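S.K.: Input: one structure, supplied below.
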Amino acid sequence: MKALAGKVALVSGGGWNLGRAVALRFAREGARVGVVGRRAELLDGTVAAIEAEGGTALALPADLTVWESALEVNARMEERFGPVDVLAALAGGGGTNEPFIECDPERWARILDVNVLCTFHAARAVVPGMVARGRGTLITCGGGGSSFPILDLPHTAYATAKAAIGRFTDQLAVELLPHGVRVNCLLPGAVPADGDEENREAAAELAAWLASDASAPLSGRIVPTSEAWWRDPARVTEVQRSPHAACLRRQIP
């Protein structure tokens with residue numbers, strides 16, 4: 001049986017690059033997939049690619065920095081496919097790679113919006129239903145600069161946004177643990193749109209594992225494509241039992 005057979009999955013940022021790769025992988029694993037983004041033509045391309053392989057998908061053009069848009073996306077998913085079982089909150093992006101003393105405050109704030117606010121809105125829209133059903137899986141997306149500085153690159157906006165997503169993941173995982181809803185953070189590594197396809201496919205494979213029951217009961221962890229412990233069930237059990245292994249927090253509690 002396919003790993004996500006019967007699941008309903010929503011992928012934000014699903015129109016291109018990492019989001020498209022993850023949406024395709026989810027569909028190949030049997031999920032019915034909704035893809036969200038601001039550019040309808042890119043979403044249509046993802047849906048066409050999924051349908052060409054025999055999968056089922058829905059394009060949902062929306063700006064997730066707007067709360068009402070997130071609610072509408074969730075409503076349309078439920079109308080078409082039923083309640084969302086898996087959310088991969090991948091919408092985001094970098095930019096404003098300017099020296100701090102030169103950066104434009106509005107552009108800086110926009111990076112936080114498209115990363116942090118989009119993640120929060122997408123999760124806030126689907127989590128109440130997950131809690132009511134006693135099950136669900138959330139995947140957030142980490143990035144460069146979130147845990148340590150990137151040298152020789154003025155990256156404060158993106159690093160701040162991704163660090164915030166890490167803390168959001170960590171805190172939300174603890175809050176939702178009693179309700180059967182898992183929250184983990186995918187660290188995909190460098191996945192530029194014109195980069196190595198192999199990197200995107202590796203990240204998509206990891207995302208599918210995090211979305212599947214094979215990764216249960218793992219929650220509140222950061223899982224990078226650069227490590228292979230998640231492929232070994234015994235190591236996964238060790239990580240789950242540890243109070244600090246692969247956690248997003250910076251110190252042992």
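The values are calculated or read from the model by the stated rules, or taken from the named source; none is laboratory data. Note that the structure is predicted; figures quoted are calculated from it, not measured. Every residue, glycine as well, gets a Cβ built from its backbone with ideal geometry; the counts of neighbours run over all protein chains shown.
S.K.: Looking only at residues in the range 77-111 that are crowded, with 16+ Cβ neighbours inside 10 Å and free of Cβ contacts under 8 Å to residues at least 60 places away in the same chain, which one is farthest from residue 178 (Cα to Cα)?
M.R.: Among those that are crowded, with 16+ Cβ neighbours inside 10 Å and free of Cβ contacts under 8 Å to residues at least 60 places away in the same chain, it is 103.
S.K.: Is the range 57-71 home to any residue that is over 16 Å from the mean Cα position of the chain (by Cα), under 17 Å from residue 169 (Cβ atoms) and without any contact (Cβ under 8 Å) to a residue 60 or more places away in the chain?
M.R.: no
S.K.: Residue 149 is checked against (1) in a loop (DSSP other than H, G, I, E, B); (2) without any contact (Cβ under 8 Å) to a residue 40 or more places away in the chain; (3) buried (at least 16 other Cβ atoms within 10 Å of the Cβ) and fails just one. What number does that condition carry?
M.R.: Residue 149 satisfies every listed condition except (3).
S.K.: Going by the conditions given, is residue 126 of a type in the set (Val, Ile, Thr) and touching a residue at least 60 places away in the same chain (Cβ under 8 Å)?
M.R.: In short, yes.
S.K.: Those residues that are within 15 Å of the chain's Cα centre (by Cα) and either of a type in the set (Phe, Trp, Tyr) or not in a strand (DSSP E or B) (or both), I need them from the range 216-236; list them, please.
M.R.: Result: 219, 220, 225.
S.K.: Could you please find all residues in the range 61-76 being touching a His at 6+ places or on another chain (Cβ under 6 Å) and not aliphatic (A, V, I, L, M)?
M.R.: Within the range 61-76, 67 is the sole residue that qualifies.
S.K.: Something else now. Quick one: which of 210, 186 is farther than 16 Å from residue 24 by Cα, aliphatic (A, V, I, L, M) and either surrounded by 14 or more Cβ atoms within 10 Å (Cβ to Cβ) or in contact (Cβ under 8 Å) with a residue 40 or more places away in the chain (or both)?
M.R.: 186
S.K.: Can I ask one more? Pull up the range 112-146, narrow it to residues that are in a loop (DSSP other than H, G, I, E, B) and at pLDDT 95 or above, then point me to the one that is surrounded by the most Cβ atoms within 10 Å (Cβ to Cβ).
M.R.: Filtering the range 112-146 for residues that are in a loop (DSSP other than H, G, I, E, B) and at pLDDT 95 or above, the one surrounded by the most Cβ atoms within 10 Å (Cβ to Cβ) comes out as 135.
S.K.: Let me ask something else. Can you give me the ranges of the helices (runs of 4 or more DSSP H) entirely in the range 1-90 with at least 3 residues that are closer than 16 Å to residue 137 by Cα and hydrophobic (A, V, I, L, M, F, W, C)?
M.R.: 17-28
S.K.: Just need a number here: residues in the range 152-181 that are over 20 Å from residue 244 (Cα atoms) and in a helix (DSSP H, G or I).
M.R.: Here the count works out to 7.
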